[in-house]
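In what follows, a structure is listed as structure tokens, so that the remarks can point back to it.
The values are calculated or read from the model by the stated rules, or taken from the named source; none is laboratory data. Given the structure is predicted, the values throughout are model-derived calculations rather than measurements. All Cβ positions, glycine included, derive from the backbone under ideal geometry; neighbour counts span all protein chains shown. For the accessible areas, the whole protein counts, side chains as well, though only heavy atoms, and no ligand, DNA or RNA atoms are used. Shrake-Rupley method; radii C 1.70, N 1.55, O 1.52, S 1.80 Å.
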Amino acid sequence: MKRTKNINLARMRKGRRASFVLRPLAIGVAAALVGCSSDEEIKVVSSVEDCMDNTQLDQAQCEAAYQRALEEAERTGPKYANLSQCETEFGSCRETSGGFWMPLMTGFMVASLLDNDRRHYSSGYYNPVYRYSASGSRYYDRLMTADGKVIGRYGKSSYTVDKSAMDPKPKVTRTVSRGGFGAVASAKSSWGGGRSSSGSSRGWGG
């Protein structure tokens, strides 16, 4: 009984108030750090059905995103002068109306967390990605954007990328030069993943 009488109730209340005040401050700092991050989590989906099953988008939105991704692939995707070079780097390729060869789109990016008003959905979350398959390359089995930015190893359900990966890519009008597309990825890596100018009409061809 004596021990019970000696408990300092005022000190206990003070300690509780102090810990209660600190928690919101800690949460606020964490939120600020997240807000300042340049990284973003994305999904890579391979079809309209995959998009509907694994993202927040409905059927109409997934169909629209898929069509936009196909259009972007046509506008910005790697172009080769011959089929063998394209197949060496990407496996499956197709001939374009202009007589070039382009890799088939592996999928397209969708952000895991979209703004409620879907502004981000309409501004770049349909960018196509390609699976690099050149044996012996350090980029083998990696997913890349049309401008050579590596987003991760193929087969994962989600990826964390720099937000610049979602930027519109420059239009490509030239074929891939000597060194192939792997050289483009190497240059991107050495630049620290520098952003591409959306206003460029040349792209990265040589």
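Would a scan of the stretch 125-139 turn up a residue that is under 27 Å from Ala64 (Cβ atoms), open to solvent by 60 Å² or more (accessible area, probe 1.4 Å) and at pLDDT 90 or above?
Checked against the condition, which is being under 27 Å from Ala64 (Cβ atoms), open to solvent by 60 Å² or more (accessible area, probe 1.4 Å) and at pLDDT 90 or above, the stretch 125-139 yields at least one hit.
Considering Gln85, Gln61, Gln56, Gln67, which residue is part of a loop (DSSP other than H, G, I, E, B), surrounded by 10 or more Cβ atoms within 10 Å (Cβ to Cβ) and at pLDDT 60 or above?
Result: Gln56 is the single residue among Gln85, Gln61, Gln56, Gln67 that is part of a loop (DSSP other than H, G, I, E, B), surrounded by 10 or more Cβ atoms within 10 Å (Cβ to Cβ) and at pLDDT 60 or above.
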